[in-house]
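Asker: I have a structure I would like to understand better, so I am pasting it below and will then ask my questions one at a time.
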Amino acid sequence: MPSPTNSQDDALLMNLNFEFVRRLVDQPPAWAEKTLLKWDDAFPQEQKDFLSLHYWIESGSVNVHRVVGTNHWDYQGMTWLSVLMSGKRMKNNLQDLMDDPRYYLQSVIRQPSIYYNTVDGLNFYIGADGNHRTCLAKFFLGEQEKSQLHNVTINHYQVDTAFFRCYQQLKLIVQTMALKVDLNPEISSVGREDTAGWKMDRYQTHLIWKDFQSGRVLKLKHADAEQKLLDLY
């Protein structure tokens, strides 16, 4: 772990004032040294045009032990134990935990909300807010032999990874064969379902194949793109 800065030293000293932290430092759970993964690695920028579905729920439940990373670059690569020990605003959140542990045990109103992102419904990443509280929830609920954190906001993204791989293969062939072709994905919304507190948006992707030699412009669905691959091999 990198040497702490002065501000991290100060935070560490303050956080170690809590017996809860000292206890976990002395006897950390096995997962405490796992590092927080990057959300951008789970849902890379280049896959965003291949989004097929986005399900959002305002008030759901998450198994905090399946939270594996974060969207916040400050905490990516840190271990859960190091976030507990030196998180920027951990002291205030620790005091809130000591004052009212029910916050983590019951379905209370969370202001601000805690946000989670997922692409597979199994591995969750902290979104717009909730890094310190998620860290505390993992340690605290672990001690309580519990797993679920309720009343949190969840964004579940589904990506058409097969179509994305097909696009990558086509792009490579265009480059390798030096074809005078411009190939780009185009995504459009095709529908929404929603009621109060949730929504589900569906999307469709096409590949726009512009052949500068013939002047033809093709709009390829996934099946069309697979056939184009076969034709070029």
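The values are calculated or read from the model by the stated rules, or taken from the named source; none is laboratory data. Being a predicted model, the structure only gives us computed values, none of them experimental. Cβ sites come from the backbone with ideal geometry, for glycine too, and all protein chains shown count toward neighbours. Ligands, DNA and RNA are excluded from the accessible area calculation, which covers all protein heavy atoms including side chains. Shrake-Rupley method; radii C 1.70, N 1.55, O 1.52, S 1.80 Å.
Asker: Give the residue, chosen from Gln45, Gln144, Gln95, Gln111, that is closer than 23 Å to Met14 by Cβ and of a type in the set (S, T, N, Q).
Answerer: Gln95
Asker: Which ranges mark the helices (runs of 4 or more DSSP H) fully within segment 126-233 that have 2 or more residues being over 22 Å from the mean Cα position of the chain (by Cα) and of a type in the set (A, V, I, L, M, F, W, C)?
Answerer: Of the helices (runs of 4 or more DSSP H) lying wholly inside segment 126-233, those with at least 2 residues that are over 22 Å from the mean Cα position of the chain (by Cα) and of a type in the set (A, V, I, L, M, F, W, C) span 161-176, 222-232.
One line per residue, one yes/no per condition, for (1) within 13 Å of Asp49 (Cβ to Cβ); (2) touching a Phe, Trp or Tyr at 6+ places or on another chain (Cβ under 8 Å):
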residue	(1), (2)
Val174	no, no
Pro185	yes, yes
Arg192	no, no
Trp198	no, yes
Gln204	yes, no
Asp211	no, no
Leu232	no, no
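Asker: Also, I was wondering about something else. Anything in segment 205-226 that is over 17 Å from Gln168 (Cβ atoms) and open to solvent by 80 Å² or more (accessible area, probe 1.4 Å)? List them, or say none.
Answerer: Scanning segment 205-226 gives Lys210, Phe212, Gln213, Arg216, Val217, Lys219.
Asker: Can I ask one more? For segment 151-168, name all the residues that are open to solvent by 60 Å² or more (accessible area, probe 1.4 Å) and more than 26 Å from Leu232 (Cα to Cα).
Answerer: Listed by number, the list holds a single entry, Gln158.
Asker: Still on this structure: Restricting the search to segment 60-99, which residues are touching a strand residue (DSSP E or B) at 6+ places or on another chain (Cβ under 8 Å), of a type outside the set (A, V, I, L, M, F, W, C) and either closer than 30 Å to Ser189 by Cβ or touching a residue at least 60 places away in the same chain (Cβ under 8 Å) (or both)?
Answerer: Result: Gly60, Ser61, Asn63, Arg66, Gly69, Thr70, Asn71, His72, Thr79.
Asker: Output the residue which, of all residues in segment 60-95 that are part of a loop (DSSP other than H, G, I, E, B) and among the polar types (S, T, N, Q), is surrounded by the fewest Cβ atoms within 10 Å (Cβ to Cβ).
Answerer: Gln76
Asker: Same structure, new question: Which pairs turn up if I take residues in segment 14-35 that are touching a residue at least 40 places away in the same chain (Cβ under 8 Å) and more than 11 Å from Phe139 (Cα to Cα) and look for partners that are open to solvent by less than 60 Å² (accessible area, probe 1.4 Å) and part of a loop (DSSP other than H, G, I, E, B) with beta carbon separation below 7 Å, at least 6 apart in sequence or on another chain?
Answerer: Thr35/Gly77; Thr35/Met78
Asker: Output the qualifying pairs, or none if there are none: Cβ atoms under 8 angstrom, residues six or more apart or on different chains, first residue in segment 42-59 and over 8 Å from Tyr157 (Cα atoms) and open to solvent by less than 20 Å² (accessible area, probe 1.4 Å), second residue modelled with pLDDT of 95 or more and not in a strand (DSSP E or B).
Answerer: Every condition considered, the pairs that remain are Phe43/Val119; Phe50/Asp160; Phe50/Thr161; Phe50/Phe163; Phe50/Phe164; Phe50/Tyr167.
Asker: Condition (residue is part of a loop (DSSP other than H, G, I, E, B), buried (at least 20 other Cβ atoms within 10 Å of the Cβ) and under 14 Å from the mean Cα position of the chain (by Cα)) applied to segment 99-114: is it met by at least one residue?
Answerer: Yes, segment 99-114 contains at least one residue that is part of a loop (DSSP other than H, G, I, E, B), buried (at least 20 other Cβ atoms within 10 Å of the Cβ) and under 14 Å from the mean Cα position of the chain (by Cα).
Asker: Right, next: Only one of Asp41, Asp49, Asp9 is modelled with pLDDT under 95, farther than 13 Å from Cys135 by Cβ and of a type in the set (D, E, K, R); which?
Answerer: Going through Asp41, Asp49, Asp9 in turn, the sole match is Asp9.
Asker: Sort out which residues of segment 170-203 are touching a residue at least 40 places away in the same chain (Cβ under 8 Å) and open to solvent by 80 Å² or more (accessible area, probe 1.4 Å), and write them in order of number.
Answerer: Met177, Glu186, Arg202
Asker: Working carefully through the options Asn117, Asn184, Asn151, Asn123, find the one that is in contact with a strand residue (DSSP E or B) (Cβ under 6 Å, 6 or more places away or on another chain) and under 30 Å from Asp211 (Cβ atoms).
Answerer: When all the criteria are applied, what remains is Asn184.
Asker: Among the residues of segment 40-54, are any part of a loop (DSSP other than H, G, I, E, B) and on the phi < 0 side of the Ramachandran plot?
Answerer: yes
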